[in-house]
Amino acid sequence: SAVISQKPSRDICQRGTSLTIQCQVDSQVTMMFWYRQQPGQSLTLIATANQGSEATYESGFVIDKFPISRPNLTFSTLTVSNLSPEDSSIYLCSARDRGAKPVETQYFGPGTRLLVL
Amino acid sequence: GQNIDQPTEMTATEGAIVQINCTYQTSGFNGLFWYQQHAGEAPTFLSYNVLDGLEEKGRFSSFLSRSKGYSYLLLKELQMKDSASYLCAVRDRNTGGFKTIFGAGTRLFVKA
């Protein structure tokens, strides 16, 4: 199974600033995803991070607010730009590993807790 | 559209059996997952059903009925460490490809 780490694990930011979250997978994975989870709520998919091309964003999420990079098969970053208190949430990185059984299984990072003041 | 419903909270006693239900509506069903998420931790994979029937894995079993849009997760011989949120997630196929949609989760409290 893929092991996923995220940095930072938590941060407190001022409104109007930006935070970049790093996601590192210990193996090459086919697909990487970014989710947001409000406390006690479901995971909401922000975007699929595509290696070597632009990310695919879900309805309600735009590249200007959530720019994503994926320079290789093991690493991705999510930036949350122009922060507002409504962006306070947990941001989770996820990946699918071709070697997983079943192959559709998603692995998750520990999450980044963001508080915007 | 897509919709996943599961109870918000459940309480059960250590050693007992609990069944967590999930109903879903989706246009391109392609499999159903159950994930476990302890407070403050990442979700971890429990089970995957793509065909109707019961899949058993140790103390955990998962059932699927595609015609009814229904699944349940059965936990036997409950232990205190089973206190967690259980997320039902559906893999949906649409024009953009495959996407996994998560329910809000059922918070299970196991009491002694």
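A:K65 is checked against (1) more than 10 Å from every other protein chain (Cβ to nearest Cβ); (2) assigned to a strand (DSSP E or B); (3) open to solvent by 40 Å² or more (accessible area, probe 1.4 Å); (4) not hydroxyl-bearing (S, T, Y) and fails just one. What number does that condition carry?
The number of the failed condition is (2).
Identify all residues within the range A:45-85 that are under 27 Å from B:D5 (Cβ atoms) and touching a residue at least 12 places away in the same chain (Cβ under 8 Å); write none if there are none.
Matches in the range A:45-85: A:L45, A:I46, A:A47, A:T48, A:E58, A:F61.
Of the conditions (1) open to solvent by 10 Å² or more (accessible area, probe 1.4 Å); (2) under 15 Å from the mean Cα position of the chain (by Cα); (3) of a type in the set (F, W, Y); (4) within 14 Å of chain A (Cβ to nearest Cβ), B:W34 clears all except one; give me its number.
If we test B:W34 against (1) open to solvent by 10 Å² or more (accessible area, probe 1.4 Å); (2) under 15 Å from the mean Cα position of the chain (by Cα); (3) of a type in the set (F, W, Y); (4) within 14 Å of chain A (Cβ to nearest Cβ), just (1) comes out false.
Please go through the range B:69-87 and pick out each residue that is assigned to a strand (DSSP E or B) and polar (S, T, N, Q).
Across the range B:69-87, the qualifying residues are B:S71, B:S85.
Within the range A:61-73, does at least one residue satisfy the condition of being in contact with a Leu (Cβ under 7 Å, 6 or more places away or on another chain) and within 20 Å of A:G16 (Cα to Cα)?
Taking every residue of the range A:61-73 in turn, at least one turns out to be in contact with a Leu (Cβ under 7 Å, 6 or more places away or on another chain) and within 20 Å of A:G16 (Cα to Cα).
Restricting to the range B:88-112, name every residue that is in a loop (DSSP other than H, G, I, E, B), farther than 20 Å from B:L75 by Cβ and facing chain A (nearest Cβ under 10 Å).
Selection gives B:G96 alone.
One line per residue, one yes/no per condition, for (1) open to solvent by less than 20 Å² (accessible area, probe 1.4 Å); (2) of a type in the set (A, V, I, L, M); (3) out of contact with any Gly (no Cβ under 8 Å at 6 or more places or on another chain):
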position	(1), (2), (3)
A:S1	no, no, yes
A:Q6	yes, no, no
A:R10	no, no, yes
A:T17	no, no, yes
A:T20	no, no, yes
A:V25	yes, yes, yes
A:P39	no, no, yes
A:L43	yes, yes, yes
A:A49	yes, yes, yes
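Considering only the range B:46-66, I want to know if a residue exists there that is touching a residue at least 60 places away in the same chain (Cβ under 8 Å) and either within 30 Å of A:T56 (Cα to Cα) or outside any strand (DSSP E or B) (or both).
no
Being touching a Phe, Trp or Tyr at 6+ places or on another chain (Cβ under 8 Å) and open to solvent by 10 Å² or more (accessible area, probe 1.4 Å) is the filter here; which residues of the range B:77-92 pass it?
B:S83, B:R91
Taking the residues in the range A:68-97 that are open to solvent by 10 Å² or more (accessible area, probe 1.4 Å) and within 14 Å of chain B (Cβ to nearest Cβ) as candidates, determine which candidate is modelled with the lowest pLDDT.
A:D97
Could you list, in sequence order, all residues of the range B:37-50 that are at the interface with chain A (Cβ under 9 Å from one of its Cβ atoms), under 14 Å from the mean Cα position of the chain (by Cα) and either closer than 12 Å to B:Y72 by Cβ or open to solvent by 10 Å² or more (accessible area, probe 1.4 Å) (or both)?
B:Q37, B:T44, B:F45, B:Y48, B:V50
Condition first: open to solvent by less than 10 Å² (accessible area, probe 1.4 Å) and within 15 Å of B:V18 (Cβ to Cβ). Now tell me which residues in the range B:55-76 satisfy that.
B:S61, B:S62, B:S71, B:L73, B:L75
So B:F29 passes all but one of these: (1) within 11 Å of chain A (Cβ to nearest Cβ); (2) open to solvent by 10 Å² or more (accessible area, probe 1.4 Å); (3) among the aromatic types (F, W, Y); (4) in contact (Cβ under 8 Å) with a residue 60 or more places away in the chain. Which condition number does it fail?
Failed condition: (1).
The values are calculated or read from the model by the stated rules, or taken from the named source; none is laboratory data. This is a predicted model, so every value here is computed, not measured. Note that we place each Cβ from the backbone using ideal geometry, even for glycine, and neighbour counts take in every protein chain shown. For accessibility, only protein heavy atoms count, side chains too; no ligands or nucleic acids. Shrake-Rupley method; radii C 1.70, N 1.55, O 1.52, S 1.80 Å.
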